[in-house]
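Quick notes on the structure that follows.
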Amino acid sequence: MSEQMQTIDNPRTAVKPPNPRLKNAKIAYNKLKKNKAAMIGGFMILFFIAVAFIGPYFTPYAPETQDLVNKLQPPSADHWFGTDHYGRDIFSRIIHGMSITLYIGFFSVAMGATVGVVLGMVSGYYGGKIDTVIMRVMDVLLAFPGILLALAIVSVLGPSLNNVIIAVAIFSVPVFARIVRGSTLSVRKLEYIDAMKALGASDFRILFKHILPNIASPIIVQATLSIATTVLTAAGLSFLGLGAQPPMPEWGAMLSDGRNYMYNAWHVAFFPGVMIVLVVLAFNIFGDGLRDALDPKMKE
Amino acid sequence: MFKFIVRRLLQTIPVLIGVSILVFSLMHLIPGDPAVIMSGESAPEEQVENMRERLGLNDPLHVQYFNYVSNAVQGDLGSSIRSGRDVTDEIGGRFWVTVELAIYSTILSIFLGLIAGIVSATRQYSFADTALMIVALFGVSMPNFWLGLMLIQWFAIGIDLPSWVPFLEDTAWFKPSGWGELSQVILPVITLGTSGAAIIARMTRSSMLEVINQDYIRTARAKGVKERVVVYRHALKNALIPVVTVVGLQFGALLGGTVLTETVFAINGMGKLIIDSIQARDFPIVQGTILVVALLFVLVNMLVDIAYRFLNKRIDLE
């Protein structure tokens with residue numbers, strides 16, 4: 001009240017009221033900071049990103065250099081994670097593979113989320129026939145269990161890393177569409193949206209300027225958790241030989257190579273898998289923490 | 001209830017139509033001429049023409065779709081490009097292998113997941129809770145194909161451990177591949193069931209915690225009801241309601257997961273059939289198998305929804 005009066009009386013010395021969105025973000029950040037697991041996850045993610053950017057400059061060997069004399073060597077001081085069937089250094093390949101994994105994760109979720117968010121908002125905002133059509137299409141996509149939808153898409157497009165990204169992106173669209181539709185439905189009926197309509201704001205403006213920022217929390221949480229699923233799915237497709245093609249140091253493909261040498265070289269399959277687990281784990285615990293921090297029910 | 005079942009049945013129709021359109025389109029979304037791709041790049045023109053005729057690609061699209069669906073309804077999913085056998089026959093025996101694998105894994109994941117979830121929730125913040133939830137977190141983060149490989153490495157091939165490690169000298173107890181014998185079933189079921197168990201454990205825990213903090217549980221405790229009865233009779237029953245939905249979704253995820261598990265353990269189920277056929281560009285089989293798995297999933301989801309409705313009488317009031 002006093003702030004308002006001040007604004008009216010003397011606009012020049014007016015104290016700008018704090019942006020409520022920033023305030024909420026601050027509360028969420030403080031809560032996130034208290035959540036140890038989430039912070040560990042967050043730091044792991046930052047570390048992985050740093051490794052993806054800087055790591056390749058510091059690897060002891062080039063990822064594709066073959067050294068057939070030293071093939072299938074167990075871990076040693078020279079080769080920390082051992083060597084594969086071409087004598088390539090597995091540690092170096094894993095470091096180079098980090099950027100591929102993160103690229104798949106971020107890029108496909110960004111694509112899937114963009115499409116899913118737009119479809120979900122349109123569905124929830126307009127309702128009626130558009131809603132029915134969009135949601136029935138999403139139901140159909142969800143009728144393909146697990147990895148199967150991505151598999152079907154890659155089988156059609158042909159095996160390659162980019163096709164895996166497209167497939168995994170499509171695979172994550174319905175999840176976003178459903179969540180966003182629900183959130184949009186709950187926001188749509190609020191008074192400030194009616195006010196915007198009365199002021200003559202266009203639907204586009206209402207959707208992207210006024211609804212989207214208010215439903216951002218569940219989208220951010222889902223995006224974080226989706227990266228985890230995406231990394232797993234993409235690695236699975238590469239493992240099946242439908243994703244990254246040799247000699248690319250993609251972890252799923254490396255695992256698939258390792259499978260053929262399990263009787264004499266356990267480490268070829270072991271280390272890439274450990275890395276997948278760590279990356280997925282980091283996104284999972286960070287996502288869980290974000291969900292707790294951004295959950296409006298849990299606000300102090 | 002009867003009305004609900006009928007409505008739920010009717011609701012699946014558009015989904016089924018959508019699924020059939022999508023599966024039918026697979027063949028047409030292949031970049032390039034499917035007839036050329038399936039007869040091989042270097043095949044003579046005549047052979048390509050035969051293939052086109054055989055796949056019915058000369059008909060208008062809607063006629064092709066209509067034929068596909070009407071044949072599929074009669075159990076005719078076309079024939080394999082490679083072997084020439086009916087797709088239905090190719091799927092035949094493999095269907096039960098995959099379903100068995102998915103069911104055993106679901107049972108395992110429900111069993112482990114519920115126990116872990118209940119133990120965790122009833123001893124919140126204890127060592128057991130923390131340990132179980134960390135294990136569960138690894139469970140959801142682990143690629144099942146990697147877990148499968150590691151289990152094979154440890155329990156089917158065996159690893160050289162230092163001689164001072166007791167009991168674990170020779171751990172190659174199971175067979176690394178195949179399906180049927182007990183020694184072939186255990187590892188794939190663990191592989192496939194682990195992530196489901198982890199998800200169910202996490203869900204059960206949070207659902208139990210929510211219920212345990214409610215007034216009627218406090219009332220029960222205040223009345224002097226034994227803790228066991230409170231947990232198992234009062235809390236668990238209501239806590240299980242949301243878990244049912246997760247179990248249904250998990251069964252679907254497991255069905256999809258069979259693709260990887262069957263590949264790792266060389267099990268001749270539908271999952272491996274899909275992969276082998278994708279690599280052989282044998283699209284009628286890819287289409288047929290994907291269709292069957294999706295139908296199975298839609299069916300299971302419907303049953304789960306009905307079960308959910310049955311358990312949760314409160315929905316009826318809405």
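Just so you know, all these numbers are worked out from the coordinates, no wet-lab data involved. Here the structure is a predicted model, which is why all the values come from computation and not from measurement. Every residue, glycine among them, receives a Cβ derived from its backbone with ideal geometry; neighbour counts consider all protein chains shown.
Note on B:298-309: average number of Cβ atoms from other chains within 10 Å of each residue's Cβ is 1. Scalar couplings 3J(HN,Hα) for the stretch A:260-275, obtained by applying the Karplus form with A = 6.51, B = -1.76, C = 1.60 to θ = phi - 60°, are 7, 10, 5, 6, 10, 8, 5, 5, 5, 8, 5, 5, x, x, 4, 5 Hz; x denotes Gly and Pro. State the answer as a single residue: which of B:9, B:30, B:20 lies farthest towards the positive end of the charge dipole of the stretch B:2-73, with beta carbon charges of +1 for Lys and Arg and -1 for Asp and Glu, about the Cα centre. Final value for the positive-end residue is B:9. Where does chain B land on the Kirkwood hydrodynamic radius, alpha-carbon pairs, in angstrom? Here the Kirkwood hydrodynamic radius works out to 22.7 Å. For the stretch B:167-237, the C-alpha radius of gyration divided by 2.2 N^0.38 Å, with N the number of residues, is 1.81. Once divided by 2.2 N^0.38 Å, the Cα radius of gyration of the stretch A:4-159 becomes 1.70.
Note on residue A:204 and residue B:222: their simple-model spin labels are 5.9 nm apart, each label 7 Å out from Cα toward Cβ. Just how many % of Cα pairs in the stretch A:173-235 lie over 18 Å apart, if you round to the nearest whole percent? Counting every Cα pair in the stretch A:173-235, those more than 18 Å apart make up 44 percent. A Förster radius of 51 Å, combined with the Cβ-Cβ distance separating residue A:34 from residue B:49, puts the computed FRET efficiency at roughly 0.15.
Averaged over peptide B:257-264, the number of partner chain Cβ atoms lying within 10 Å of each residue's Cβ comes to 4. Which residue fluctuates most in the GNM of chain B (Cα springs below 10 Å): B:143, B:188, B:284? Highest fluctuation of the listed residues: B:143. Taking one quarter of the surface of the convex hull spanned by the alpha-carbon atoms of the stretch B:123-244 gives a direction-averaged projected area of 10.6 nm².
Derived scalar couplings between HN and Hα for the stretch B:142-152 equal 8, x, 5, 5, 6, 4, x, 4, 5, 5, 4 Hz in order, rounded to whole Hz, by the Karplus curve 6.51 cos²θ - 1.76 cosθ + 1.60 (θ = phi - 60°), x for Gly and Pro. For the pair the stretch B:170-194 and the stretch B:262-296, the centres of their Cα atoms are 21 angstrom apart. Annotation: amide H of residue B:79 within the under-5 Å range of B:87, sequence separation 5 or more or interchain, hydrogens built in the peptide plane.
Taking the Cα centre of chain A as origin and assigning +1 to Lys and Arg Cβ atoms and -1 to Asp and Glu Cβ atoms, the resulting dipole is close to 1120 debye.
When chain B is treated as a Gaussian network with alpha carbon springs shorter than 10 Å, the biggest mean-square fluctuation among B:258, B:98, B:219 belongs to B:219.
In the stretch B:60-168, inverting the average of 1/r over every pair of distinct C-alpha atoms gives 19.1 Å as the Kirkwood radius. When the Cα positions of B:197, B:63, B:182 are compared along the charge dipole of the protein assembly as shown, B:197 comes out farthest toward the positive end, with charges on each C-beta of Lys, Arg, Asp and Glu. Across the stretch B:2-73, Cα-Cα pairs more than 16 Å apart make up 59 percent of the total. Direction-averaged projected area, Cα convex hull, the stretch B:258-315: 4.9 nm², rounded to one decimal.
Peptide B:279-291 has a mean shielding of 2, counted as Cβ atoms of other protein chains within 10 Å of each residue's Cβ.
Return the tail of the calculated pair distribution for the protein assembly as shown, meaning the percent of Cα-Cα pairs more than 42 Å apart. Of the Cα pairs, 30 percent sit more than 42 Å apart. Taking a sphere under 11 Å around the Cβ of residue B:273 and counting the other residues whose Cβ falls inside, with K and R at +1 and D and E at -1, yields a net charge of -2. For the stretch A:139-211, the Kirkwood hydrodynamic radius comes to 14.7 Å, computed from all pairs of different C-alpha atoms.
Each residue of the stretch A:27-34 was assigned a 3J(HN,Hα) from its phi angle through the Karplus expression (A = 6.51, B = -1.76, C = 1.60, θ = phi - 60°), giving 4, 4, 5, 4, 5, 5, 4, 6 Hz with x at Gly and Pro. The distance linking the stretch A:109-182 with the stretch A:183-236 is 16 Å (Cα centroid to Cα centroid, whole angstrom). All C-alpha pair distances within the stretch B:102-155, sorted into 10 Å bins from zero, spread as 22, 43, 30, 5 percent across the bins. Highest mobility in the GNM of chain A, judged by mean-square fluctuation with C-alpha springs under 10 Å and restricted to A:282, A:37, A:198, is found for A:198. Relative to the 2.2 N^0.38 Å rule of thumb, chain A has a C-alpha radius of gyration ratio of 1.24.
Taking a threshold of 25 Å on the Cα-Cα distance, which of the pairs A:129/A:197; A:26/A:209; A:36/B:226 fall above it? Listed pairs above 25 Å: A:36/B:226.
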